[in-house]
Amino acid sequence: MSDTIQAPIGSTPEVAVRELIDYAELKGLIGVEDRTFAANALIDALQLEPTGSFDVHGRPEEVPPLEQILATLLDDAVDRGVIDDGIASRDLLDTRLMGCVTPRPSEVVRGFWRRYEGDPREATDWFYQLALSSDYIRSYRVARDRKWKAATPYGELDITINLSKPEKDPKAIAAALTKRQDAYPRCLLCCQNEGYAGRLDHPARQTIRLVPLDLAGERWYLQYSPYVYYNEHCIVLSEEHRPMRIERRTFVRLLEFVSTFPHYTVGSNADLPIVGGSILAHEHYQGGRYEFAMARAGVREEVSFPGFGDVRAGVVEWPMSVIRLDCEDPGRLVELADRVLAAWRGYSDASVGVLAETDGAPHNTITPIARRRGATYELDLVLRNNRTSDEHPLGIFHPHAELHHIKKENIGLIEVMGLAVLPARLLGEMERLKKAILAGEDPASVPGLEPHAPWAAEVLARHPEFAPDAVATADPAALDGVIEQEIGAVFAQVLEHCAVFAADEVGKAAFDRFISYVGGAS
């Protein structure tokens, strides 16, 4: 599917510049006093030479969709040789154009905190809308992502097939930790990106805006993710370019963040390869205004920790190994979470494959998530281990090879909470799979579907109405729902594979041993 649209016949760049100025004023990106200034910036970026009769004054009117306006300007720039017709070149130019009509950072910061004084929700609503209006979040691309919910034993999980971001290989993610960090900006999350013009191997960021925060006595920033996997998907990033680290201050920062924005959830990816996220080189968190399946999950077993009678604690009814802590005093959650972390860092239980380290390389870490429930602060601590073996070279507590046809990437924070981010390749593969099933073909004989064949056979065994001898009378439309639910079931298995303590009797007993160990740790 193309990421661009064809400009309407008869459109001219001068008309499109006027339309973009109208759009910007209607969206509140610029004021009426800014129209000429913004138009001249656009003319410069586009290398246009309008006639003396060109004028952008007047009342803004209803305008075409932003994607259409930009298509007119980009197509003309290609025709005149200003840029080539590659998607990267087009993205660099259209971001530059939108940067011409996006408020300056100081205006955004003042506007955010002025609204925050009235209501934190008003501030984030305004900031998020700015990210949409400025095209930092390309909503017309995000809208193409496939999203659905799948019923599982753990509740409804969110499934997305991502069409905006390439699939990453776990080994490439780990290798990024040792890559030279002397480029400018040093990485995609550095605050140096604000206003950066970009290059072919680094996206333009003239439209990104950062709101400064103080977390645990340090300067951090709030921004939004351009991919928007869920509502108001935000990123909280350190001013300092430094690797991810889960430590006591992590819990302090997360709880301070939800004190500042009680309507948001926030969490951190783990700080080790395989069990961490896709960017381990820059410390950051992710949050947003969304209720994940994990937050809806109950507690399967209440537990207690000596000296923390004021903290409600329990093991969450979730496919991964999660300890939930609740208390109205965030300081007490920090104390107990820090104890759990310290205990887990050095904990081994060879009977279930958990080893704290191998030849000095650490394996144990935590994925923490913070939220508010009224006056109560809640902290979920997801136990992670990144050991590998000959049988599971990408990770013992990682999706096993039989699930890689659906999900091979690291299982980071977002997926831990119950939202699958699946690669774009699946969209075409599932379409081919459905055609093969409806044609009565064996998926194993269809080029490109071989990795899905064993799973497809299991699906057909569960749904004999789509077997080759019955498919002629089956409802083709129903197959879409079957495939979606079966993908959701695979994602539930993915999360189960990532559990350091399985949900069987052996795993539950091992989890109990760790809880007891934390209670006895000093």
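A few notes on this one:
- Among the residues of the stretch 425-468, none is identified as in a loop (DSSP other than H, G, I, E, B) and hydroxyl-bearing (Ser, Thr, Tyr).
- Flag for Asp119 being acidic (Asp, Glu), within 26 Å of Asp201 (Cβ to Cβ) and within 35 Å of the chain's Cα centre (by Cα): no
- Qualifying residue in the stretch 308-321 (condition: among the aliphatic types (A, V, I, L, M), over 16 Å from Gly412 (Cβ atoms), touching a Gly at 6+ places or on another chain (Cβ under 9 Å) and surrounded by fewer than 23 Cβ atoms within 10 Å (Cβ to Cβ)): yes
- Within the stretch 34-73, considering residues that are within 21 Å of Gln206 (Cα to Cα) and among the charged types (D, E, K, R), the one surrounded by the fewest Cβ atoms within 10 Å (Cβ to Cβ): Asp44
- When each of Phe501, Phe514 is tested for being surrounded by 14 or more Cβ atoms within 10 Å (Cβ to Cβ), assigned to a loop (DSSP other than H, G, I, E, B) and at pLDDT 95 or above, the lone residue that passes is Phe501.
- Odd one out for Gly331, checked against (1) closer than 30 Å to Pro203 by Cβ; (2) of a type outside the set (Val, Ile, Thr); (3) without any contact (Cβ under 8 Å) to a residue 12 or more places away in the chain: (1)
- Matching entry among Thr367, Thr388 (being in contact with a strand residue (DSSP E or B) (Cβ under 6 Å, 6 or more places away or on another chain) and within 30 Å of Ser516 (Cβ to Cβ)): Thr367
- Hits in the stretch 207-242 - residues which are under 19 Å from Gly111 (Cβ atoms), in a loop (DSSP other than H, G, I, E, B) and either of a type outside the set (S, T, N, Q) or more than 21 Å from the chain's Cα centre (by Cα) (or both): Ile208, Arg209, Leu210, Glu232
The values are calculated or read from the model by the stated rules, or taken from the named source; none is laboratory data. Please read these numbers as outputs of a predicted model, since none were measured by experiment. A quick note on method: Cβ atoms are made from the backbone with ideal geometry, for glycine too, and the neighbour counts reach across all protein chains shown.
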